[in-house]
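What follows is a short report on a single structure.
The values are calculated or read from the model by the stated rules, or taken from the named source; none is laboratory data. Model, not experiment: these values are computed from the prediction. A quick note on method: Cβ atoms are made from the backbone with ideal geometry, for glycine too, and the neighbour counts reach across all protein chains shown. Ligands, DNA and RNA are excluded from the accessible area calculation, which covers all protein heavy atoms including side chains. Shrake-Rupley method; radii C 1.70, N 1.55, O 1.52, S 1.80 Å.
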Amino acid sequence: MSDGRFAILDPVAGASGDMLLGALVAAGAEPDWLRALPGRLGFPGVQIDIGQVDRCGVLATKVDIRLPDGTQELPSRPLGDHEEHHDDGHHEPHDHGPHRHIGELIELIERADLSTPVRERAVRAFRLLGEAEGQIHGLSADEVPLHEVGAVDALIDVVGSIEGVERLGITRIYNRPVALGNGWVRAAHGVMPVPAPATSILIEWLEVGPNGPVVGEATTPTGAVLLRVLSSGPPPARWRALNAGAWGAGGRNPKAYPNALRLILASSAPEAGEVVLLATDLDDLSPEYLTPLRDALFAAGALDVQVWATQMKKGRTGFRVEVTVAPAEADAAAAALFRHSTASGIRRQLAERVTLARREVEVTSPDGTAVRVKVLDGPDGPRVKPEYEDVAAVARRTGRPAHEVARDLHNRALKSLFSNKES
């Protein structure tokens with residue numbers, strides 16, 4: 001989704017690993033990929049069931065992880081001690097049976113057939129989980145024990161969510177404020193207030209929103225750590241929804257609210273803002289001094305400078321200079337226009353400018369150097385333009401005509417953007 005599209009997570013009812021997995025499948029991730037994931041992680045007997053459920057009138061995708069015999073659902077408990085908010089709240093914590101340590105799970109991730117970005121993010125997620133739980137119990141991150149069932153569940157939730165984002169081609173994720181829930185949660189060491197201790201640590205730097213009608217644990221440690229490693233923070237001020245119907249269900253189905261996580265696929269929206277237009281007509285400035293005038297105006301903060309020939313009083317040929325500048329820089333630009341030209345008066349007008357979202361990428365030129373390329377996210381796809389100074393530098397080094405270098409870099413940039421989108 002490198003053509004300006006991104007994802008927004010809306011955890012108004014909280015967040016957990018299975019909810020994010022469901023939302024990713026609802027957004028287009030292939031169910032067969034998710035069903036095959038346990039085998040790739042070293043647990044071929046684990047089964048993943050995917051289905052559609054109703055959550056307070058909202059159709060959502062539910063992901064269930066089951067034991068090898070297919071008869072008992074694995075409780076989604078990423079850090080062993082406490083119940084996830086999608087359990088029914090009456091289960092006893094699992095404090096028996098075999099355990100695995102965070103260090104063992106990290107070793108499984110490092111041996112698995114995963115891309116480097118997925119592996120690095122998954123390891124970071126488990127490091128954060130281990131550090132949070134270790135801080136509470138006085139253990140190192142690698143030594144934190146997880147019940148076998150919770151460990152496998154956490155592994156699939158974390159790796160699956162991170163890889164699912166990659167498979168959908170989502171390169172940027174933002175999140176709206178996350179609900180934590182309220183009340184109490186049953187843990188192996190007793191009853192604790194929501195959010196649970198590990199979650200309290202993992203939500204650091206996340207924007208927390210109102211809990212609304214959510215009762216119990218809304219955001220689990222797994223949900224919190226996935227937001228930490230995936231999200232870039234709040235969404236941009238302006239965006240356009242492409243698909244707002246991807247919901248991942250939690251296990252409970254309360255009547256008061258849809259217990260589901262919404263994933264919104266969006267694109268950048270044109271940006272609107274006020275600008276000041278400065279204009280003057282000159283008939284006594286030699287054309288050779290127009291370039292220094294442009295440079296001075298850009299140095300003063302101009303967003304754009306246009307010059308064109310015009311006919312003035314008594315048939316004299318002149319030039320109109322028009323400057324577009326942000327309101328905060330208008331006075332400085334006006335002063336530069338007076339100082340570096342022969343202007344005796346300037347017309348000033350407040351206007352609104354609408355622009356496409358823009359960004360910059362780098363492509364490799366034929367001589368192996370990095371070249372900056374401007375990208376505008378247009379309604380019909382990206383528009384690209386190699387940076388002039390970089391094009392000129394490549395042309396000087398290679399001896400090729402600048403316009404051929406520009407065309408080559410333009411094609412390379414488009415190929416790179418669309419190949420990233422399809423991967």
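How big is the charge dipole of the chain about its Cα centre, in debye rounded to the nearest 20, if each Lys and Arg gets +1 on its Cβ and each Asp and Glu gets -1 on its Cβ?
On the way: 45 positive and 57 negative charges, 423 e Å.
Using only the charged Cβ atoms, the result is roughly 2040 debye.
Among LYS374, LYS255, what's the order by accessible area (1.4 angstrom probe), most exposed first? Don't skip to the answer; put the middle values down first.
Details: LYS374 105, LYS255 195 Å².
Correct descending sequence by accessible area is LYS255, LYS374.
Full-extension gain between THR355 and ASN253, please, as 0.36 nm times their residue separation minus the C-alpha to C-alpha distance. Please report the intermediate quantities before stating the final value.
Values: separation 102, 0.36 × 102 = 36.72 nm, distance 4.38 nm.
Full-extension gain reported as 32.3 nm.
Mean separation of Cα pairs under 8 Å and 6+ residues apart, divided by the residue count of the stretch 134-223: what relative contact order is that in percent?
Values: 85 pairs, mean separation 26.8, N = 90.
Relative contact order of the stretch 134-223: 30 percent.
Please give the residues of the stretch 245-277, grouped as numeric ranges, whose backbone N is less than 14 Å from a label point set 7 Å along the Cα-to-Cβ vector of LEU59.
Answer for the stretch 245-277: 245-248.
Mean separation of Cα pairs under 8 Å and 6+ residues apart, divided by the residue count of the stretch 288-369: what relative contact order is that in percent? Numbers along the way, then the final one.
Working: 67 pairs, mean separation 20.7, N = 82.
For the stretch 288-369, the relative contact order is 25 percent.
For the chain, what's the relative contact order in percent, using C-alpha pairs closer than 8 Å and at least 6 residues apart? All intermediate terms of the calculation are to be shown ahead of the outcome.
Details: 906 pairs, mean separation 82.9, N = 423.
This gives 20 percent for the chain.
Measure off, as a whole percent, the carbon and sulfur share of the 1.4 Å-probe accessible area of the chain, all protein chains present. Before the final figure, lay out the partial values.
Values: 10030 of 19980 Å².
Here it works out to 50 percent.
Provide the net charge surrounding GLY318, with neighbours chosen by a C-beta distance below 14 Å and charges set as Lys +1, Arg +1, Asp -1, Glu -1.
Working: positive: LYS313, LYS314, ARG316, ARG320; negative: ASP281, ASP283, ASP284, GLU322.
It works out to a net charge of 0.
What accessible surface, in Å², does a 1.4 Å probe find on ARG238, ignoring ligands, DNA and RNA and rounding to the nearest 10?
Accessible area of ARG238: about 120 Å².
Go ahead and set up a Gaussian network model of the chain, Cα springs under 10 Å, then flag whichever of ASP331, ASP408, ASP377 fluctuates most.
In the Gaussian network model the winner is ASP331.
What's the local net charge at LEU41, with K and R +1, D and E -1, over the other residues with C-beta under 10 Å away? Walk me through the intermediate numbers first.
On the way: positive: ARG40, ARG111; negative: ASP113.
Neighbour charge sum, excluding LEU41 itself: +1.
Can you compute the helix-only [θ] at 222 nm over the chain? Use -39500 (n - 2.57) per DSSP H run of at least 4 residues, normalise by all residues, nearest 500 deg cm²/dmol.
Working: 11 runs with 140 residues, N = 423.
Per the formula, -10500 deg cm²/dmol.
Could you put PHE43, PHE126, PHE338 in order of accessible surface area, largest first, with the 1.4 Å probe and the full protein assembly present? Before the final figure, lay out the partial values.
Values: PHE43 25, PHE126 0, PHE338 95 Å².
Accessible-area ranking of PHE43, PHE126, PHE338, largest first: PHE338, PHE43, PHE126.
Using 7 Å Cα-to-Cβ label points, what is the ARG240/GLU104 separation (nm, one decimal)?
Once both label points are built, they end up 5.1 nm from each other.
What number of lysine-lysine pairs in the chain show an alpha-carbon separation below 26 angstrom, given a sequence spacing of 8 or more or placement on distinct chains? Walk me through the numbers before you get to the answer.
Details: LYS62/LYS255; LYS374/LYS385; LYS374/LYS415; LYS374/LYS421; LYS385/LYS415; LYS385/LYS421.
Pairs that pass both the separation and distance tests number 6.
Ignoring ligands, DNA and RNA, how do TRP184, TRP205 rank by accessible area with a 1.4 Å probe, largest first?
On the way: TRP184 170, TRP205 240 Å².
Of TRP184, TRP205, the descending order of accessible area is TRP205, TRP184.
To the nearest 10 Å², what's PHE298's accessible area with a 1.4 Å probe?
We get 90 Å² for PHE298.
Cut-off 10 angstrom, C-alpha nodes, Gaussian network model of the chain. Which of ALA328, ALA23, ALA36 fluctuates the most?
ALA328
Could you give the longest part of the chain that holds none of the GluC sites (Glu not before Pro) found in DSSP loops with at most 16 neighbouring Cβ atoms within 10 Å?
The longest uninterrupted stretch comes out as 1-203.
Which of the listed residues, LEU350, ALA332, VAL391, is farthest toward the dipole's positive end in the stretch 280-410, when Lys, Arg count +1 and Asp, Glu count -1 at the beta-carbon?
Selected residue: LEU350.
Excluding CYS56 itself, what net charge comes from residues whose Cβ is under 14 Å from its Cβ, given Lys and Arg +1 and Asp and Glu -1?
Numbers: positive: ARG55, LYS62, ARG252, LYS255, ARG262; negative: ASP54.
Counting the neighbours of CYS56, the net charge comes to +4.
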